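Data first, discussion second: the structure below is written as structure tokens.
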Amino acid sequence: MLGAVLVTASVLTLVAAQPSANAGADTAPGARPVEAVRRRSTPWESWEVDAAVISAAEATEAAEARDQLVPALITAHSRQATGYDRLRAAVCADGKGKGDGEEMSPARSKACSTLSAGLEEGWRRRDRTEQWVVRAVATAAYAGAIKGAAVERDASVSRGISTAAGVPMGAVVGIVAFGALGMVVGAENPAKLGHYSRREKVVAASLVIGGAIAGGLAGGWEAHRLGASPSARAPLTAAALAPVYVTTLVMTFD
């Protein structure tokens, strides 16, 4: 159970952390919110405002250009993106002193009055706290599983712990193996890379699920076999859960 929880958390975090498909999209002042605010390429889910958008907003003297960035500002706030403070300062400038004395549009005026400045430090502080909580929970779970397998090594529960530890390790191996098989099959037609039919996507998902199930069963069976010796149960638990534990820790860094 412990291993399954750690693997599930790891996979979900990796999926969430995939870069946006629009990472290289146009970043002009009028860029859509999804283009101006994008995921950062880090294991821990985080967002950032495109630096080019911020620079353009700071340099522009046209009120209309800043008006166009209101949706991006709202998106940056909702996603607590890095660069929000700078973008807000640029968007909420009224242009006076730059030769532009036009009033803000109603939408920009509303956004600037409702979206507070100086929020990023609080967001980053909260992110760091969450990351440390994840590390602490993962470490406690990992150490607890090893301790349980060691202290109760002569009891059936110890063998159960080591057997359970082999399941996520086997599942990961199965996903990698079946995923590699899918890549080999897909390599027969490189021109289709990134342009797969619905049927092909279903087959790929089936391979991943099938690999996880088959690998998990095989890993659990092998760990159960190796756990016949009481003295092997704690080391087996530590070795089987180590990759999952380390992966979980790595994912907490942005």
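We did not get these values from a lab; they are worked out from the coordinates using the rules stated. The model shown is predicted, which means the values in this text are computed figures rather than measured ones. Reconstructed Cβ throughout: ideal geometry from the backbone, glycine too, with neighbour counts over all protein chains shown.
Things to note:
- Neighbourhood charge, 14 Å Cβ-Cβ cut-off, centred on E130 and excluding it, Lys, Arg +1 and Asp, Glu -1: +2
- Karplus-derived 3J(HN,Hα) values for the stretch 156-171, using 6.51 cos²θ - 1.76 cosθ + 1.60 with θ = phi - 60°, are 5, 4, 5, 5, x, 5, 5, 5, 4, 5, x, 5, x, 5, x, 5 Hz; glycine and proline are entered as x.
- Ellipsoid semi-axes in whole angstrom, largest first, where each is sqrt(5λ) of the Cα gyration tensor of the stretch 197-254: 30, 20, 4
- Label-point separation in nm, R124 to A107, each point 7 Å along Cα→Cβ: 3.0
- Multiplying the residue separation of Q131 and E61 by 0.36 nm and subtracting their alpha-carbon distance yields 21.2 nm.
- Between W47 and R40, T82, the built amide H atoms are under 5 Å apart, and every one of these is 5 or more places off in sequence or on another chain.
- Equivalent ellipsoid semi-axes - Cα gyration tensor, the stretch 46-160, angstrom: 52, 11, 10
- Cβ crowding within 10 Å averaged over residues, with 161-173, 46-58, 132-144 ranked highest first: 161-173, 46-58, 132-144
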